[in-house]
1. Pop a pseudo-label 7 angstrom from the Cα along the beta-carbon direction at both Ser109 and Lys19 and give the gap in nm to one decimal.
2. In whole Å, what is the distance between the alpha-carbon centres of the range 14-40 and the range 80-111?
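Bear in mind these aren't lab numbers, they're just calculated from the coordinates by the rules spelled out. Nothing here was measured: the structure is a model prediction, and the numbers come from that model. For neighbour counting, all protein chains shown are included, and Cβ atoms are generated from backbone atoms with ideal geometry for every residue, glycine included.
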Amino acid sequence: MNMIAKHNTPKLLPWLAKKAGISEQRAVALWRESERWAARQAAPGSSAYFKLAVDRLLELTAAESLREDAASFGWRPWARAQARCWALSMQLAQQGSALTARGWRLIGSAGQNHQLG
């Protein structure tokens, strides 16, 4: 069971952490900080409380991501962009392979139908 599942955190937290390029543990800490901040602004458990907490979380993760980018002297955004390009290339290769295999199956089934008829 991962760290996120042990705590009462929003389901978007792992996605948000990955998008911001921070660890899930750091995202949990930012969520806790957001909850404390929202509790001072609204009644805990209310819809206003959760809206404030999520809005604050988004602000904190954006700031954390910028801090990480600055600490890497500009390399981190480039490396993340490069990783996205590689992931996209692999997805395109997989889709192309699947389309090619489907085409060959269609050709094979058409040939079998022609021989039977």
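1. 3.9
2. Spelled out, the Cα-based centre of one part sits 36 Å from the other.
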